[in-house]
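Engineer: Sharing a structure with you now.
The values are calculated or read from the model by the stated rules, or taken from the named source; none is laboratory data. Predicted model only: the values in this text are computed from it and were never measured. Cβ: placed from backbone, ideal geometry, glycine included. Neighbour counts: every protein chain shown.
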Amino acid sequence: MRNSTISIILLYFSTGLSAQIPNLPTGPSASTSPIQNYSEISFRNNSTSKNTVSIPSVNNSSRKSEIERRNWEMQQNDFKIVEKENREKEQKQFEQKVNNLEISGYNLPSLSANSGTNFYYDALSQLNNLDQSNYSLAEANFIVENAYSERKLHYSNFKANISKIASQVLQKMKSGKVTPVDNTLKNIALFKHFSKNYKYDFDDFMGKKEWNKMFVSKLLKTGKGQCHSMPLLYLMVAESIGADASLAMAPNHTYIRFKDDDNQWQNIELTNGILSTNAMILESGYIGSEALLNDVYMNSLSKKQLMSLLYADLANGYIHKYGMDEFVGKALDKSLELYPNNMYANLLKSMYQQARFEYVAAELGIQNVENPAELENIKYFPKGLELLKETKMQFNNIDQLGFKFMPDGAYSEWLSNMNREANKQRSEELAEKIRLTNLEKQRKKKEEEQKKLEEERRKAKEKKREEEKNKPKPLLT
């Protein structure tokens, strides 16, 4: 690139302002110093010198104007050259960005070079290798938590803590002379154990500051948790003692459901230690008819659907620790493959799609996607336009599923309302009623079994007497 300042200087010497170069006078006698002493040289012309050349008479003002005009023209030319070079440079940079997008499949920049991301890729592979419909929840959940913890957790300790809780629950049932075979009584025993031994952690209960506060491993260590970790631990212990229970979802919330001996669903709310009703859950005001029809909320999840939540947890942990990239998309795609109506995974997918599109749009020169006029330029990029359509479809999907945004304050208020004294008293009465009903059923069942056993013994004795009676007598000799 040419420099305008240099151009002006060169012009000055070429236009004749100093066209007459004077002969330098004879210098002083040679100095003993090897460096020429220029301070002693006179650069003035000697009017009496024989070598003096006469300067022609010119109009200095017109010459100066000509110089300024030519300088201006050269400056303008230099500016045009610079502008052209900048345009070419920007065009090359833009073409490189588009090329990079093509190579990446129009994805976000990969974060896989960051330390620790390899644990997440390994965890994703481990979950994929499990039987999606028949797996140990303790093992699957541990894989997710250990990825965030960079494999610093120990599964043997994790499993031992769960086994210890299971033993405590069974021992309590035994001391209460309750046979640990009835599913309802096992769930009531689990419910009472959790209500007594675990407390709600009000500090950062959404894990916004520290995602590992949502972990079962943290609950086991501190005895404090929330609606994410408590139900998961409950289900792990239920697996250990052979109790049948399942996870259910509500907006920003999960809880436990189980069927009693009358084939009726019972709801266990572990965050405040009560047996809740469907009416209590609906009191939040954020569960619409669409969500209920789509089995998004208040529905007992299968093992496959529960695995879908674990994939979403894996993606969410990655987002909290590293940010958004193609890993998040892969984990969420797997989650939604198992459970398409998983609201949790769909919300994360919407966030991911939005972040991905905004990045791609910015690379294509569209800085403000909220500006319709600017967004109109996406039509010149077919793959960018396709990504915009995918993003809109994802947001339409969560609307059709029945999503309603629930502020943190509304969630806290809802939990507080559920914890009212009247609800707690009703819960205690319901738990006691269920316990006594099932104990009575067990008593009657034992009586029936005892009667049946006695009847079988009586019949056996009669049969034996009849056989003895009909037995041939030995002949006398």
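Engineer: Right, LYS159: part of a helix (DSSP H, G or I) and out of contact with any Ser or Thr (no Cβ under 7 Å at 6 or more places or on another chain) or not? Spell out how you get there, then give the answer.
Structural biologist: On the way: part of a helix (DSSP H, G or I): yes; out of contact with any Ser or Thr (no Cβ under 7 Å at 6 or more places or on another chain): yes.
In short, yes.
Engineer: If ASP201 passes every condition in (1) surrounded by fewer than 19 Cβ atoms within 10 Å (Cβ to Cβ); (2) among the acidic types (Asp, Glu); (3) in contact with a strand residue (DSSP E or B) (Cβ under 6 Å, 6 or more places away or on another chain) but one, which one does it miss?
Structural biologist: Looking at each condition in turn, ASP201 falls short on (1).
Engineer: How many of the residues making up segment 205-260 are buried (at least 21 other Cβ atoms within 10 Å of the Cβ), in a helix (DSSP H, G or I) and polar (S, T, N, Q)?
Structural biologist: Result for segment 205-260: 2.
Engineer: Hey, another quick one. Kindly provide the set of residues from segment 388-414 that are in a helix (DSSP H, G or I), at pLDDT below 95 and not aromatic (Phe, Trp, Tyr), ordered by number.
Structural biologist: Pass one, segment 388-414, residues in a helix (DSSP H, G or I): 388-401, 408-414.
Remaining after also requiring at pLDDT below 95: 408-414.
Scanning segment 388-414 gives ASP408, GLY409, ALA410, SER412, GLU413.
Engineer: If we only count helices (runs of 4 or more DSSP H) wholly inside segment 272-376, which ones have 1 or more residues that are without any contact (Cβ under 8 Å) to a residue 24 or more places away in the chain, closer than 30 Å to ASN146 by Cα and touching a His at 6+ places or on another chain (Cβ under 8 Å)?
Structural biologist: Values: elements: 278-282, 289-293, 303-321, 326-338, 343-363, 372-375.
Correct list: empty, since no element meets the threshold.
Engineer: Right, another one. Restricting attention to segment 278-290, does a residue exist that is among the hydroxyl-bearing types (Ser, Thr, Tyr), on the phi < 0 side of the Ramachandran plot and touching a Pro at 6+ places or on another chain (Cβ under 9 Å)? Give the steps one after another, and end with the answer.
Structural biologist: Our first condition is that a residue be among the hydroxyl-bearing types (Ser, Thr, Tyr); within segment 278-290, this holds for 284, 286, 289.
With the extra rule that they be on the phi < 0 side of the Ramachandran plot, the set shrinks to 284, 286, 289.
In the following step, the residues that additionally are touching a Pro at 6+ places or on another chain (Cβ under 9 Å) were identified as 284, 286.
Yes; the residues of segment 278-290 include at least one that is among the hydroxyl-bearing types (Ser, Thr, Tyr), on the phi < 0 side of the Ramachandran plot and touching a Pro at 6+ places or on another chain (Cβ under 9 Å).
Engineer: I've got another one for you. Could you list, in sequence order, the residues of segment 352-387 that are touching a helix residue (DSSP H, G or I) at 6+ places or on another chain (Cβ under 8 Å), at pLDDT 95 or above and surrounded by fewer than 18 Cβ atoms within 10 Å (Cβ to Cβ)?
Structural biologist: Listed by number, the list holds a single entry, GLN354.
Engineer: Here is a check on your reading of the model: is ASP295 surrounded by fewer than 19 Cβ atoms within 10 Å (Cβ to Cβ), of a type in the set (Asp, Glu) and touching a Ser or Thr at 6+ places or on another chain (Cβ under 7 Å)? I'd like the intermediate steps shown before the answer.
Structural biologist: On the way: surrounded by fewer than 19 Cβ atoms within 10 Å (Cβ to Cβ): yes; of a type in the set (Asp, Glu): yes; touching a Ser or Thr at 6+ places or on another chain (Cβ under 7 Å): no.
No; evaluated as a whole, the condition is false for this residue.
Engineer: Ok, one more. Does TYR135 meet the test of being under 23 Å from LYS330 (Cβ atoms), more than 15 Å from the chain's Cα centre (by Cα) and in contact (Cβ under 8 Å) with a residue 60 or more places away in the chain? Reasoning before the result, please.
Structural biologist: On the way: under 23 Å from LYS330 (Cβ atoms): yes; more than 15 Å from the chain's Cα centre (by Cα): yes; in contact (Cβ under 8 Å) with a residue 60 or more places away in the chain: yes.
So TYR135 fits the description; yes.
Engineer: Testing ASN187 on (1) at pLDDT below 90; (2) more than 31 Å from the chain's Cα centre (by Cα); (3) on the phi < 0 side of the Ramachandran plot, one condition comes back false. Which one is that?
Structural biologist: (1)
Engineer: Within segment 386-414, track down each residue that is under 18 Å from ASN341 (Cβ atoms) and in contact with a Pro (Cβ under 8 Å, 6 or more places away or on another chain).
Structural biologist: If the condition is that a residue be under 18 Å from ASN341 (Cβ atoms) and in contact with a Pro (Cβ under 8 Å, 6 or more places away or on another chain), then LYS404, MET406 are the ones that fit.
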